[in-house]
Amino acid sequence: MIFLINRADPEVFVMPGDCFSECVGRSECVDEDTDTEYDEGYDGQFAYYIAQGPADAPDCLDVPAYRLQRILLPALGMVLSLGQTALLPWV
């Protein structure tokens, strides 16, 4: 149902949040200078970032050591998408 409501966009399940989408290694989702709270997004975004490139993923993750231990699902996603990042959300 969610898939259809969002015009059959597979990235609806990735749901990257503002906090980690810039891949700047934020550990907190609040900008202390402006007291701005960022949307954290959904856990699926971390598997998506790892599947796109495990070497580049740590700056995009909330707890890199924890998230990179769970690499099986992202690796399987990359294999099943034949290495094409455009197919990752579909897989």
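Given an 8 Å cut-off on Cα distances and at least 6 residues of separation, report the relative contact order of the chain as a percent.
Values: 117 pairs, mean separation 24.8, N = 91.
The value is 27 percent.
Could you tell me the convex hull volume per residue, in Å³, taken over the Cα atoms of the chain?
Values: hull volume 9.2 nm³, N = 91.
Dividing the Cα hull volume of the chain by its residues yields 101 Å³.
Where only protein heavy atoms count, and the probe is 1.4 Å, what is the accessible area per residue for the chain in Å²? Let's see the in-between values first.
Working: 6320 Å² over 91 residues.
Per residue, the chain has 69 Å² of solvent-accessible surface.
Scan the chain and report its longest stretch carrying no GluC sites (Glu not before Pro) that are both in a DSSP loop and have at most 14 other Cβ atoms within 10 Å.
It runs 33-91.
Just to check I understand the Karplus step: with θ = phi - 60° and J = 6.51 cos²θ - 1.76 cosθ + 1.60, what whole-Hz values come out for region 44-54, glycine and proline as x?
With coefficients 6.51, -1.76 and 1.60, one gets x, 5, 6, 5, 5, 5, 5, 5, 5, x, x Hz.
The values are calculated or read from the model by the stated rules, or taken from the named source; none is laboratory data. Not measured: the values here are computed from a predicted model. Virtual Cβ from ideal backbone geometry, glycine too; neighbours counted across all protein chains shown. Accessible surface areas use protein heavy atoms only, side chains included; no ligands, DNA or RNA. Shrake-Rupley method; radii C 1.70, N 1.55, O 1.52, S 1.80 Å.
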